[in-house]
Amino acid sequence: MSNAYIIEIESHTAGIVTKDKRSYHFFSSDRIFDSLEGHEFRSARDAERAARALFMARRRLVGGQLSSRV
């Protein structure tokens, strides 16, 4: 079983999560997702949900289009 997972949201690589004994830690690979950097999650799926929610909220703010420069 792997201890690291890549999280992709649409065409953006949000980052990776790594598992330790208690939780999954998020490491951002795109500044869109920097606010999640260092957060702990109960599962990789929870981290993916948080990244997707952040992405969708940002997309709504910029009128449906989103680039990594936002």
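Which label belongs to the value computed from this structure, given these candidates for semi-axes √(5λ) of the Cα gyration tensor in Å: (i) 23, 10, 10; (ii) 68, 13, 4; (iii) 18, 14, 12? Matching entry in (i) 23, 10, 10; (ii) 68, 13, 4; (iii) 18, 14, 12: (i). Put simply, the amide H of HIS39, placed in the peptide plane, has neighbours under 5 Å in PHE26, leaving out anything fewer than 5 places away on its chain.
With contacts taken as Cα pairs under 8 Å and at least 6 residues apart, the chain reaches a relative contact order of 24 percent. Amide H to amide H, with H built 1.01 Å from N, GLY15 comes under 5 Å of ILE7, SER29, counting only residues 5 or more places away or on other chains.
For the range 11-52, which trypsin sites (Lys or Arg not before Pro) pass both filters: DSSP loop (anything but H, G, I, E, B) and at most 10 other C-beta atoms within 10 Å? Walk me through the intermediate numbers first.
Working: sites: LYS19, LYS21, ARG22, ARG31, ARG42, ARG45, ARG49, ARG52; in loops: LYS21, ARG22, ARG42.
For trypsin sites (Lys or Arg not before Pro) across the range 11-52 that sit outside H, G, I, E and B with at most 10 neighbouring Cβ atoms in 10 Å, the list reads LYS21, ARG22, ARG42.
Calculated mean residue ellipticity at 222 nm for the chain: -8500 deg cm²/dmol, from DSSP H runs with n ≥ 4 weighted as -39500 (n - 2.57), summed, divided by the residue count and rounded to 500. Applying the Karplus relation 6.51 cos²θ - 1.76 cosθ + 1.60 with θ = phi - 60° to the range 54-61 yields 3J(HN,Hα) values of 5, 4, 5, 5, 5, 5, 4, 5 Hz, where x marks Gly and Pro. Using the Cβ-Cβ distance between SER43 and SER11 with R0 = 30 Å, the FRET efficiency computed as 1/(1 + (r/R0)^6) comes to roughly 0.80.
Read-outs: derived from the displayed coordinates by stated rules, not from any lab. This is a predicted model, so every value here is computed, not measured. Cβ sites come from the backbone with ideal geometry, for glycine too, and all protein chains shown count toward neighbours.
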